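Below is one structure, written out as structure tokens; the observations come after it.
Bear in mind that the values in this text are calculations on the coordinates, not laboratory data. Keep in mind that what you see is a predicted model, and the values were worked out from it rather than measured. Cβ coordinates were reconstructed from backbone atoms using ideal geometry, including for glycine residues, and neighbour counts include every protein chain displayed.
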Amino acid sequence: MDTPFVYDKYVTGKNFIGRKTECMILGNLLKAGEHVSIYEPPKTGKMSVIHQTFYNLKNEGYHFMVAFVDMLNVRTLSDFLLKFGTSVMKSVASTPDDFARIVSTYLDDTHFVFDRVRFMTCGEVVSLNWVPDKNDMTRMLELPLKLAHERTLPFIIVLKEFQNLMNADEYEDVFKIMEAQMKGRDRSNPHHATYLMSGAMVNAMKFIFEEKRYFYRLVNHVAFSPVEDKEIIEHIVKGFLNGMGKSFDRNLAMGACSLFKSNLWYMNHLAAICDALSKGFVTENMMTDALNSMISVHEPRFISIVNDLTDHQLSLMRAVMDGVVKFSASDVIEKYHLNSSANVRRVKDALKKKEVITFNEKDEPVVLDPLFEYWICRYYFEIAE
């Protein structure tokens with residue numbers, strides 16, 4: 001029997017919990033041809049929301065094409081352009097003749113080629129025969145719109161881990177070309193090409209869209225609200241009862257929601273372990289064992305994070321664990337040995353760059369990973385509950 005507690009892949013349909021408003025907003029924006037950004041921490045369900053939105057659109061009878069460009073390992077401009085071209089072309093074509101036609105029709109007079117030998121040996125559908133220039137960037141980024149017009153269908157391009165484009169020295173040139181194309185869009189044509197820019201490095205994405213204001217008024221940000229505890233608890237309790245005929249106490253589920261800050265990925269992970277441990281009734285001891293099991297899995301990553309922090313960065317993290325929200329006050333600087341308000345700013349920026357914490361609109365700290373927050377509080381700083 002399929003488990004309702006899915007945490008190792010994106011979910012749609014009956015296993016999709018919450019985020020109905022986000023899916024509705026995202027779907028309406030995409031149907032209108034509006035570009036969208038989504039930046040939320042890892043394990044917050046970004047891809048599930050995106051796939052559920054596509055699932056909903058298809059059920060509504062909305063016809064579209066979609067390409068997923070995974071930019072996780074993009075380090076250079078060539079990496080980006082080839083990944084972009086490969087994903088876009090593979091979403092509309094499947095044969096060598098199709099790929100060759102697209103390159104010759106839409107990427108002529110560029111450094112892009114279709115190499116049949118490389119296609120046969122390593123599956124490469126588009127290659128570069130020289131260092132890419134601005135004409136190559138422009139023509140490649142025009143490709144989705146041209147294919148949308150050819151196929152008379154809207155084309156959605158999902159740029160996963162979009163912030164990694166900043167690894168390329170020429171990222172600003174790419175941004176400017178994308179902005180120009182967005183501004184030049186013909187809104188009377190329903191066969192549009194739409195970007196959905198998703199990223200898990202929250203501070204890097206904020207740098208792009210909020211601090212530097214690239215794509216200003218050209219991209220709509222869809223922010224996630226927390227999934228309601230009530231909905232998560234109902235999902236857990238019913239999942240145990242209906243799926244396995246087991247019992248999970250609501251108060252235990254409520255405590256887990258509090259610990260994980262209503263993070264559904266961690267809640268499903270915990271529930272899946274509890275399911276494996278229990279025969280009928282999930283006890284508090286079983287849930288503790290499940291939590292310890294999760295910590296043992298993630299602890300090497302957490303240790304790596306703290307080992308990468310300086311003494312001042314750890315001091316500020318200790319202040320965060322103690323509930324401090326304003327770090328430049330003289331008593332806080334003295335108590336946590338932070339030296340000066342100027343140093344506090346540097347430490348905050350460093351922790352943001354390392355994607356350990358972010359700051360909300362009130363400039364209050366938010367630890368990006370709730371399990372890491374629990375671990376560093378209880379295990380590293382040994383702060384009693």
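Annotations for the structure displayed:
- Bridge type composition, the chain - antiparallel percent by DSSP, nearest 5: 20 percent
- Amide H contacts of HIS192 (H built 1.01 Å from N, in plane; Pro and chain starts excluded): PHE155 sit under 5 Å, all sequence-distant by 5 or more or on other chains.
- Greater than 25 Å apart at Cα, pairs in LYS46/LYS354; LYS46/LYS246; LYS83/LYS146; LYS83/LYS176: LYS46/LYS246
- Rounded to the nearest whole Hz, the Karplus-based 3J(HN,Hα) values (6.51 cos²θ - 1.76 cosθ + 1.60, θ = phi - 60°) of segment 348-359 follow the sequence 4, 5, 5, 5, 5, 4, 7, 6, 8, 9, 10, 10, with x at glycine and proline.
- Set against the 2.2 N^0.38 Å expectation for a compact globular protein, the chain has a Cα radius of gyration ratio of 1.12.
- Restricting the chymotrypsin sites (Phe, Trp or Tyr not before Pro) of segment 1-58 to loop positions (DSSP other than H, G, I, E, B) with no more than 15 neighbouring Cβ atoms within 10 Å leaves TYR10.
- In the chain, the calculated helix contribution to ellipticity at 222 nm averages -15000 deg cm²/dmol per residue, counting -39,500 (n - 2.57) for every DSSP H run with n ≥ 4.
- Those residues of segment 91-121 whose amide nitrogen sits under 20 Å from the label point placed on HIS63, 7 Å along Cα→Cβ: 91-94
- Cα gyration tensor category, rounded, prolate or oblate, for segment 229-298 with a/c compared to 1.5: oblate
- Amide H partners (placed H, <5 Å) of HIS221, local residues excluded: SER37
- Sparse-neighbour loop sites [GluC sites (Glu not before Pro); segment 216-281; at most 14 other C-beta within 10 Å; DSSP]: GLU228
- Centre-to-centre, using Cα atoms only, segment 35-78 and segment 295-373 are separated by 31 Å.
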